[in-house]
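Below you'll find the structure, written out as C-alpha coordinates, and then a few comments.
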Amino acid sequence: QVQLVESGGGLVQLGGSLRLSCAASGFTFGRFTSYLMSWYRQAPGKERELVARINSVGDANYADSVKGRFTASRDNAKNTVYLQMNSLKPEDTAVYYCNIKPGDYWGQGTQVTVSS
(Lines give C-alpha, C1' and ligand atoms only; values in the text may rest on other atoms or scores of the structure.)
Protein backbone atom coordinates (compact mmCIF):
# COMPACT_ATOMS: atom_id res chain seq x y z
CA GLN A 1 0.00 0.00 0.00
CA VAL A 2 1.36 3.37 -1.03
CA GLN A 3 1.78 5.83 1.81
CA LEU A 4 2.26 9.57 1.52
CA VAL A 5 3.39 11.77 4.38
CA GLU A 6 3.26 15.54 4.02
CA SER A 7 5.16 18.00 6.17
CA GLY A 8 6.23 21.61 6.19
CA GLY A 9 2.96 23.43 6.73
CA GLY A 10 2.51 26.18 9.28
CA LEU A 11 1.55 29.77 9.95
CA VAL A 12 3.21 32.45 7.85
CA GLN A 13 2.63 36.14 7.23
CA LEU A 14 1.52 37.70 3.99
CA GLY A 15 4.37 37.56 1.49
CA GLY A 16 6.18 34.81 3.32
CA SER A 17 7.38 31.42 2.10
CA LEU A 18 6.95 27.79 3.01
CA ARG A 19 8.28 24.56 1.59
CA LEU A 20 6.09 21.49 1.72
CA SER A 21 7.43 17.97 1.42
CA CYS A 22 5.70 14.70 0.59
CA ALA A 23 7.53 11.44 1.20
CA ALA A 24 6.21 8.37 -0.59
CA SER A 25 6.66 4.69 0.23
CA GLY A 26 5.09 1.27 -0.32
CA PHE A 27 4.96 1.28 -4.12
CA THR A 28 3.04 -1.57 -5.66
CA PHE A 29 3.69 -0.59 -9.27
CA GLY A 30 7.26 0.02 -10.38
CA ARG A 31 9.35 2.66 -8.68
CA PHE A 32 8.71 6.23 -7.63
CA THR A 33 9.65 7.44 -11.10
CA SER A 34 6.64 5.55 -12.49
CA TYR A 35 4.23 7.82 -10.66
CA LEU A 36 2.68 11.17 -11.40
CA MET A 37 2.73 13.38 -8.31
CA SER A 38 0.34 16.20 -7.56
CA TRP A 39 -0.36 18.79 -4.91
CA TYR A 40 -3.95 19.73 -4.11
CA ARG A 41 -5.43 22.06 -1.54
CA GLN A 42 -8.76 22.48 0.16
CA ALA A 43 -9.84 25.66 1.88
CA PRO A 44 -12.71 25.72 4.39
CA GLY A 45 -16.05 25.47 2.62
CA LYS A 46 -14.46 24.92 -0.78
CA GLU A 47 -13.79 21.94 -2.99
CA ARG A 48 -10.38 20.40 -3.25
CA GLU A 49 -8.42 21.93 -6.13
CA LEU A 50 -5.33 21.00 -8.07
CA VAL A 51 -2.35 23.23 -7.31
CA ALA A 52 0.51 21.60 -9.20
CA ARG A 53 1.34 18.40 -11.01
CA ILE A 54 4.81 17.05 -11.74
CA ASN A 55 5.78 14.12 -13.92
CA SER A 56 8.62 11.67 -13.55
CA VAL A 57 11.19 13.89 -15.25
CA GLY A 58 10.26 16.98 -13.29
CA ASP A 59 8.05 18.82 -15.75
CA ALA A 60 5.38 20.64 -13.81
CA ASN A 61 2.21 22.56 -14.50
CA TYR A 62 0.33 24.83 -12.15
CA ALA A 63 -3.02 26.31 -11.37
CA ASP A 64 -3.29 29.87 -12.66
CA SER A 65 -3.68 31.16 -9.12
CA VAL A 66 -0.20 30.01 -8.11
CA LYS A 67 1.81 30.41 -11.32
CA GLY A 68 4.97 32.38 -10.76
CA ARG A 69 4.77 31.92 -6.98
CA PHE A 70 4.82 28.16 -6.40
CA THR A 71 7.37 25.66 -7.68
CA ALA A 72 6.97 21.90 -7.60
CA SER A 73 9.99 19.62 -7.69
CA ARG A 74 10.85 16.02 -6.96
CA ASP A 75 13.84 14.07 -5.76
CA ASN A 76 13.41 10.61 -7.19
CA ALA A 77 16.33 9.27 -5.16
CA LYS A 78 14.47 10.24 -1.97
CA ASN A 79 10.96 9.34 -3.20
CA THR A 80 9.94 12.86 -2.26
CA VAL A 81 8.15 15.76 -3.91
CA TYR A 82 8.28 19.35 -2.79
CA LEU A 83 6.19 22.46 -3.16
CA GLN A 84 8.06 25.72 -2.69
CA MET A 85 5.51 28.44 -1.99
CA ASN A 86 6.61 32.07 -2.19
CA SER A 87 4.76 35.38 -1.96
CA LEU A 88 2.01 33.69 0.02
CA LYS A 89 -1.39 35.30 0.25
CA PRO A 90 -4.28 34.79 2.69
CA GLU A 91 -6.21 33.05 -0.09
CA ASP A 92 -3.53 30.35 -0.12
CA THR A 93 -4.73 29.26 3.33
CA ALA A 94 -5.82 25.63 3.05
CA VAL A 95 -4.97 22.07 3.87
CA TYR A 96 -2.47 20.90 1.28
CA TYR A 97 -2.53 17.29 0.13
CA CYS A 98 -0.15 15.16 -1.83
CA ASN A 99 -1.54 12.73 -4.41
CA ILE A 100 0.02 9.91 -6.38
CA LYS A 101 -1.18 8.21 -9.57
CA PRO A 102 -1.71 5.50 -10.62
CA GLY A 103 -3.61 4.29 -7.59
CA ASP A 104 -4.95 7.70 -6.52
CA TYR A 105 -3.55 7.66 -2.98
CA TRP A 106 -3.64 10.69 -0.68
CA GLY A 107 -1.61 11.92 2.21
CA GLN A 108 -3.10 13.16 5.48
CA GLY A 109 -2.63 16.79 4.55
CA THR A 110 -0.70 19.66 6.08
CA GLN A 111 -2.24 22.96 7.14
CA VAL A 112 -0.97 26.19 5.63
CA THR A 113 -2.26 29.42 7.14
CA VAL A 114 -1.31 32.83 5.76
CA SER A 115 -2.10 35.80 7.97
CA SER A 116 -2.57 39.33 6.75
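Evaluating 6.51 cos²θ - 1.76 cosθ + 1.60 at θ = phi - 60° for every residue in segment 96-111, the Karplus couplings come out as 9, 10, 9, 9, 10, 9, x, x, 6, 8, 10, x, 7, x, 9, 7 Hz, glycine and proline recorded as x. Considering only alpha-carbon pairs that sit under 8 angstrom and 6 or more positions apart, the relative contact order computed for segment 11-60 is 26 percent. Per-atom-type breakdown for the chain gives carbon and sulfur 48% of the accessible area (1.4 Å probe, protein chains only). Spatial offset of segment 2-33 relative to segment 40-100 amounts to 9 Å, using the alpha carbon center of each. In summary, the aspartates and glutamates within cross-link reach of Lys46, defined as a Cα separation below 19 angstrom excluding same-chain residues under 8 places away, comprise Asp64, Glu91, Asp92. Note that segment 56-95 carries a Kirkwood radius of 11.4 Å, evaluated over its alpha carbons pair by pair.
Each 5 Å bin from zero holds the following percent of Cα-Cα pairs in the chain: 2, 13, 25, 26, 19, 10, 5, 1, 0.
Express the accessible area of the chain per residue in Å², computed with a 1.4 Å probe while the remaining protein chains stay in the model. Numbers along the way, then the final one.
Details: 6030 Å² over 116 residues.
Heavy-atom SASA per residue in the chain reads 52 Å².
The values are calculated or read from the model by the stated rules, or taken from the named source; none is laboratory data. Please read all numbers here as calculations on a predicted model, not as lab measurements. The area values use the complete protein model at the heavy-atom level, side chains included, leaving out ligands, DNA and RNA. Shrake-Rupley method; radii C 1.70, N 1.55, O 1.52, S 1.80 Å.
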